[in-house]
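Participant: Can you read through this structure? Questions will come right after.
All of the numbers you see were taken from the coordinates with simple rules; none came from a lab. These numbers come from a predicted model, not from an experiment. Neighbour counts are summed over all protein chains in view; Cβ atoms, including those assigned to glycine, are modelled from backbone coordinates with ideal geometry.
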Amino acid sequence: MKNVMVDLETLDTVPGAVILSLGAVFFDETGLGDEFYKVILRSSCESAGLTVSQDTLNWWSKQSIEASQVLRDAELAADSLADVLNQFNDFLKRDKGVKVWGNGADFDNSLLAVAYKRANVKQGWLPYNGRCYRTLKNIAGIVPTVARGGTYHNALDDAKTQANHAIEIYRQNPGLVWK
């Protein structure tokens, strides 16, 4: 499998945001593969100069108890930002030439790129191997629905749902080629 769907839960909506959790799953036309999920120590993100916005904190206050648990978990997490990014790089090494998909050309992958830079960790995929799930949905036009699994705004559950959706888009659009 050469594709990894990523989802982040954050405390801001711009590159440079504090990342609370990172979820990822390998996927291809056959389905889902290995998974990755880590909660990041919030103070390590803030020490690296990553940001928090009041609007995003207000948004989190309206989410489910299950989803917002990540806020509490990030206060006591065992892994720093650099630790998690290094662990994620190890996860990505399972397949050479991996393509990393995020939901929006201006969100997940961009936020990760800034986090890597601030943590002084080399990004674990080639810069031209970033992919945009939101763009795939727009290119496909009529987008099939897939069953939602897990908790909304849990990074791993969201990544798995997005990956399953991308697989279904490819299945229903035979003109799209996996590259």
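Participant: Quick one: angle between helix 65-76 and the longest Cα principal axis of the chain, in degrees between 0 and 90, rounded to 10, please.
Facilitator: 50 degrees
Participant: Further, regarding this structure: List every residue whose amide H lies under 5 Å from the amide H of residue 28, counting only residues 5 or more places away in sequence or on a different chain, with H placed 1.01 Å from N in the peptide plane.
Facilitator: Excluding prolines and chain starts, which carry no amide H, there are no hits.
Participant: Which aspartates and glutamates have a Cα lying under 13 Å from the Cα of residue 122, excluding residues fewer than 8 positions away in the same chain?
Facilitator: Candidates past the 8-residue exclusion: 83, 90.
Participant: Amide H to amide H under 5 Å from residue 99: which residues, 5+ apart in sequence or cross-chain, H placed 1.01 Å off N in plane?
Facilitator: 3, 4
Participant: Once you list every other residue whose beta carbon is under 14 Å from the beta carbon of residue 149, what net charge do they have if Lys and Arg are +1 and Asp and Glu are -1?
Facilitator: Charge balance in the 14 Å sphere: -4.
Participant: Next question. Rounded, prolate or oblate for the stretch 16-94? Axes are the square roots of the Cα gyration tensor eigenvalues, ordered a ≥ b ≥ c, and the cut-off for rounded is a/c under 1.5.
Facilitator: oblate
Participant: Between residue 61 and residue 37, take the C-beta separation as r, use R0 = 25 Å, and let me know the FRET efficiency to the nearest 0.05.
Facilitator: Computed FRET efficiency for residue 61 and residue 37 comes out at 0.60.
Participant: Angle check, please: helix 81-92 long axis (alpha carbons) against the longest principal axis of the chain (alpha carbons), in degrees 0 to 90, nearest 10.
Facilitator: For helix 81-92, the angle is close to 20 degrees.
Participant: Scan the stretch 97-172 for trypsin sites (Lys or Arg not before Pro) in coil per DSSP, keeping those whose Cβ has at most 14 other Cβ atoms within 10 Å, and list them by number.
Facilitator: The qualifying sites are 122, 148.
Participant: Rounded if a/c is under 1.5, else prolate if a/b is larger than b/c, else oblate: which is the chain, with a ≥ b ≥ c the root eigenvalues of its Cα gyration tensor?
Facilitator: Verdict is prolate for the chain.
Participant: Turning to a different aspect of this structure: Taking amide H positions as placed 1.01 Å from N in the peptide plane, with prolines and chain starts having none, which residues 5 or more places from residue 104, or on another chain, fall under 5 Å of its amide H?
Facilitator: Under 5 Å from the amide H of residue 104: 133, 134, 135.
Participant: Nearest 0.05, what FRET efficiency do residue 138 and residue 179 give at R0 = 22 Å with Cβ-Cβ as r?
Facilitator: Efficiency at R0 = 22 Å is approximately 0.80.
Participant: Separate question: Rounded to the nearest 500 deg cm²/dmol, what is the calculated helix-only ellipticity per residue at 222 nm for the chain, with -39500 (n - 2.57) per DSSP H run of length n ≥ 4?
Facilitator: Per the formula, -12500 deg cm²/dmol.
Participant: What does the C-alpha gyration tensor say about the overall shape of the stretch 133-174? Classify as rounded when a/c is under 1.5, otherwise prolate if a/b is larger than b/c, or oblate.
Facilitator: Prolate shape, in that a/c is at least 1.5 and a/b is the bigger ratio.
Participant: Next question. Between helix 108-118 and the chain, what is the angle of the helix's C-alpha long axis to the longest principal axis, kept within 0 to 90° and rounded to the nearest 10?
Facilitator: Rounded to the nearest ten degrees, it is 40.
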